[in-house]
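Okay, so here's the structure we're looking at.
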Amino acid sequence: MIAQISTVAGTFAVDLETDEVTPADPFEPPPAPELNLPRVVAAAAAGSTVVAVVDTKPPLVVSHDAGATWRESGRGLPPGRAVAVDADTIVYGARNRLYVSRDGGVFWTALAVELPEIAAIALRES
């Protein structure tokens, strides 16, 4: 899976398996779902899975039932700026680092790559 990352210095494609970073064409991030939650910074949805970056600790809330119920996620992660979701894969963008969960937000792994300040994220198949 490839994460397309919009930053203040341009757009990049990051291979989530290899951490390889390549320049990419600009993209239009998918529209964020409308959420009735306080302090939302960014949000993304795929099917019934909805993920919101919030200005609290932990910095994420995840719903697997289209927003009917929520659970906190991302304890230990820094404050966030952007998020993208595809099934159980969630990519979370802090200021200049990416974090990936492949289990719906239970466990998180930091990618080794550091990027310019992150503005938006989108996911696509390799």
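The values are calculated or read from the model by the stated rules, or taken from the named source; none is laboratory data. Please read all numbers here as calculations on a predicted model, not as lab measurements. A quick note on method: Cβ atoms are made from the backbone with ideal geometry, for glycine too, and the neighbour counts reach across all protein chains shown. Note: areas computed on protein heavy atoms with side chains; ligands, DNA, RNA excluded. Shrake-Rupley method; radii C 1.70, N 1.55, O 1.52, S 1.80 Å.
Among strands (runs of 3 or more DSSP E) lying entirely in the stretch 39-126, which contain 1 or more residues that are touching a Phe, Trp or Tyr at 6+ places or on another chain (Cβ under 6 Å) and not polar (S, T, N, Q)?
60-63, 82-86, 89-93, 97-101, 109-114, 118-124
I'd like the full set of residues that are surrounded by fewer than 19 Cβ atoms within 10 Å (Cβ to Cβ) and in contact (Cβ under 8 Å) with a residue 40 or more places away in the chain, limited to the stretch 67-88.
86, 87 - these are the residues of the stretch 67-88 that are surrounded by fewer than 19 Cβ atoms within 10 Å (Cβ to Cβ) and in contact (Cβ under 8 Å) with a residue 40 or more places away in the chain.
How many residues are open to solvent by 30 Å² or more (accessible area, probe 1.4 Å) and either farther than 14 Å from residue 117 by Cα or among the charged types (D, E, K, R) (or both) if we restrict to the stretch 1-23?
Final tally of qualifying residues: 9.
Suppose we filter 37, 60, 115 for residues that are in contact (Cβ under 8 Å) with a residue 40 or more places away in the chain and over 16 Å from residue 7 (Cβ atoms); which single one remains?
Just a single option satisfies the conditions, and that option is 60.
Considering only residues that are touching a Pro at 6+ places or on another chain (Cβ under 8 Å) and open to solvent by less than 10 Å² (accessible area, probe 1.4 Å), which ones fall in the stretch 55-65?
Of everything in the stretch 55-65, just one residue is touching a Pro at 6+ places or on another chain (Cβ under 8 Å) and open to solvent by less than 10 Å² (accessible area, probe 1.4 Å), namely 59.
Counting only residues that are within 13 Å of the chain's Cα centre (by Cα) and either over 16 Å from residue 45 (Cβ atoms) or of a type in the set (S, T, N, Q) (or both), how many does the stretch 81-112 have?
Final tally of qualifying residues: 16.
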